[in-house]
Amino acid sequence: MTDDRPNIVFIVTDDHAAHAISAYGSELLQTPSMDRIAAEGMRFDAMYCTNALCAPSRASILTGTYSHVNGVSTLSTHFDARQPTFVSMLRDAGYQTWLVGKWHLGHGGIHDPQGFDYWEVLEDQGPYWDPELLSEGGRRRQVAGYTTTVLTDLALERLTERDRDRPFCLLLHHKAPHRSWDPDTKHAELFKEGVPEPPTLWDDHAGHSRAAREAKMRISHDLNERDVKQPYPPGLEGRERTKWAYQRYMQDYLRCVVSVDENIGRVLDALDEEGLAENTLVVYTSDQGFFLGDHGWYDKRFMYDESLLMPLMIRYPREIPAGSTTDAMALNIDFAQTFLDYAGLDPLPRMQGRSLRPLLRGERPADWRQSVYYRYWEHDDGSHHVVAHYGVRTQRYKLIYYYGDGLGLAGTSDRRTAPEWELFDLENDPAELRSVHDDPAYAAVRRELEAELARLQAEFGDEPAPVRGGSR
């Protein structure tokens, strides 16, 4: 008898900002395959990560837990893959489970993927061309080709070779569009006419904390020659240097996204050809957002919305109304419970998210979250120098506390920075250009948000940073 539980195809990219998807209204490019998922399912407009770094976000996605619970708080704190994940639980329940692509949670021993019937992953970030893949059987020879296409080829092999009497869970985790943004040669001429500049490209951070002013993620002078693929032209300075670097960065970034979109189209077509589309949950997301020149930056890490916001589109024709959207607050810790819900499995008590299934049906529970908690742990790393911080976001406001202490974690600096606060009124300042933390008119709001931040930390069992210098 055929198992009628839904299949799951979970496509995750790296550093793909929602504002580089046409389904989200982007004017930078067209993404017809991603748009198709949204048009045939639901688009989430308030999907947030809990820690805007690749490895921590992926650990949270797998386990349904915050970084302080799953142990992956920085890029140097590797994942203990023996802990339960939604994948291992699905496999125990009879699902076929496959992983292709980026793992980036450590290699060897307890750090290798577990709970998968098949896995082939890139070593660390992996290259954009001719990837060498690691598997349970050891190192594999290089596979010739563009990595986004190679990984999709391997994923499609799993579909054609599947046991047709059992449901499957396929994780297709791309490297793209991660730095250093090497596009497929067939896309080399795209966007040559130029890319529109974001309104905040020239932000001088006068309305922000010192943490923002001192971060090393500036388009103007922190992109290196590897990023822009050639030496900087002699004599190029000031605004002209920024404009030139922005175009070099964004043109390649968007070319990488086009490759991802085309390969998503291949997956959707294969599901149609195999007769799987109706009973397959197709999910597209990224591990966090990304600054596309916003605030003059590339990269992520900060709690500002361009970094915090993740794209999320889900299609499941049997249950999700086509062309639907939601502005309900969702988190990357919700994926695990969502997949388990669709598979008819109970979540583990340690899981800290909620199933998104009611939202996908068009129902919002009365007790759905009204705020989200975020924490960035990798204090003052050697490249980007973003200081450790945590905060709370509600529909209208955002409070951020830069506690500036690595707390001895791997990958952090032992340099401490003076504590700072930021408060943004997102209704009056959606671009987050001016903190109103010290504005007396917001004193009541500040107190309410501080209380909500403390409540969320207690709810999730996260310890506030030690008090220093008379500040919390």
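Potential lengthening of the chain between Glu193 and Glu237 amounts to 13.6 nm, from the contour at 0.36 nm per residue minus the alpha-carbon distance.
Among beta bridges from DSSP that stay inside the chain, the antiparallel ones total about 55%.
Just want to confirm a number: the relative contact order over segment 1-131, from Cα pairs under 8 angstrom separated by 6+ residues, in percent.
It comes to 14 percent, rounded to a whole number.
3J(HN,Hα) couplings calculated from phi for segment 355-364 with the Karplus curve 6.51 cos²θ - 1.76 cosθ + 1.60 (θ = phi - 60°) are, in sequence order, 5, 7, 4, x, 4, 5, 7, x, 10, 10 Hz; Gly and Pro show x.
If you average the sequence gap of Cα pairs under 8 Å that are 6 or more apart and divide by the length of the chain, what percent do you get for the contact order?
On the way: 1028 pairs, mean separation 106.5, N = 472.
RCO, the chain: 23 percent.
Would you please classify the overall shape of segment 184-303 from the alpha carbon gyration tensor, given that a ≥ b ≥ c denote the square roots of the eigenvalues, rounded means a/c under 1.5, and beyond that prolate means a/b larger than b/c while oblate covers the rest? Judged from the Cα gyration tensor, segment 184-303 comes out oblate (a/c at least 1.5, b/c at or above a/b). The alpha-carbon of Lys102 sits under 16 angstrom from the alpha-carbons of these lysines, leaving out residues fewer than 8 places away in its chain: Lys175.
If each Cα of segment 369-472 is one equal point scatterer, what is log10 of I(q)/I(0) from the Debye formula at q = 0.12, 0.15 Å⁻¹? For segment 369-472 at q = 0.12, 0.15 Å⁻¹, log10 I(q)/I(0) is -0.41, -0.64.
Calculated over the chain, the projected area of the Cα convex hull averaged across directions stands at 22.2 nm². Shown is the FRET efficiency for Asp163 and Arg82, computed with R0 = 30 Å from the Cβ-Cβ distance and rounded to the nearest 0.05: 0.70. Applying both filters, DSSP loop and at most 12 other Cβ atoms within 10 Å, to the trypsin sites (Lys or Arg not before Pro) of segment 405-467 gives Arg415. Measuring only protein heavy atoms, the 1.4 Å probe finds Trp377 accessible over about 30 Å². Of the accessible area of the chain, computed with a 1.4 Å probe over protein heavy atoms only, carbon and sulfur atoms account for 48 percent. Calculate I(q)/I(0) for segment 320-382 by the Debye formula, one identical point scatterer on each C-alpha and no solvent, and give its log10 at q = 0.15, 0.26 Å⁻¹ to two decimals. Debye output, listed in q order: -0.56, -1.23.
Taking the solvent-accessible surface of protein heavy atoms with a 1.4 Å probe, what is the per residue accessible area of segment 138-254 in Å²?
Numbers: 5430 Å² over 117 residues.
Value returned for segment 138-254: 46 Å² of accessible area per residue.
Taking 12 Å as the straight-line reach from the Cα of Lys398, the aspartates and glutamates in range (excluding those fewer than 8 positions away in the same chain) are Asp305, Glu422, Asp425, Glu427, Asp429, Glu432, Glu448, Glu450, Glu452.
Take every pair of alpha-carbon atoms less than 8 Å apart whose residues are at least six positions apart; their mean separation over the length of segment 330-472 yields a relative contact order of 15 percent. The helix-based estimate of mean residue ellipticity at 222 nm for the chain, built from -39,500 (n - 2.57) per DSSP H run of four or more residues and divided by its residue count, is -7500 deg cm²/dmol to the nearest 500.
Given axes a ≥ b ≥ c from the Cα gyration tensor, I'd like to know whether segment 34-170 is rounded (a/c under 1.5), prolate (a/b larger than b/c) or oblate. The shape class here is rounded. The lysines within cross-link reach of Lys243, meaning a Cα-to-Cα straight distance under 21 Å and a gap of 8 or more places when in the same chain, are Lys192, Lys216, Lys229, Lys300. The residues of segment 325-434 present an accessible area of 38 Å² per residue when probed at 1.4 Å with all protein chains retained.
Would you work out if segment 233-310 is rounded, prolate or oblate? Take a ≥ b ≥ c from the square roots of the eigenvalues of the alpha-carbon gyration tensor; rounded if a/c is under 1.5, else prolate when a/b is larger than b/c, oblate otherwise. Working shown, then result.
Numbers: a/c = 6.48, a/b = 2.11, b/c = 3.08.
Oblate, because a/c is 1.5 or more while a/b does not exceed b/c.
The values are calculated or read from the model by the stated rules, or taken from the named source; none is laboratory data. Because the structure is predicted, anything quoted here is derived from the model rather than measured. Note: ideal-geometry Cβ built from the backbone for every residue, glycine included; neighbour counts use all protein chains shown. Note: accessible area is taken over every heavy atom of the protein model, side chains too, but ligands, DNA and RNA are not part of it. Shrake-Rupley method; radii C 1.70, N 1.55, O 1.52, S 1.80 Å.
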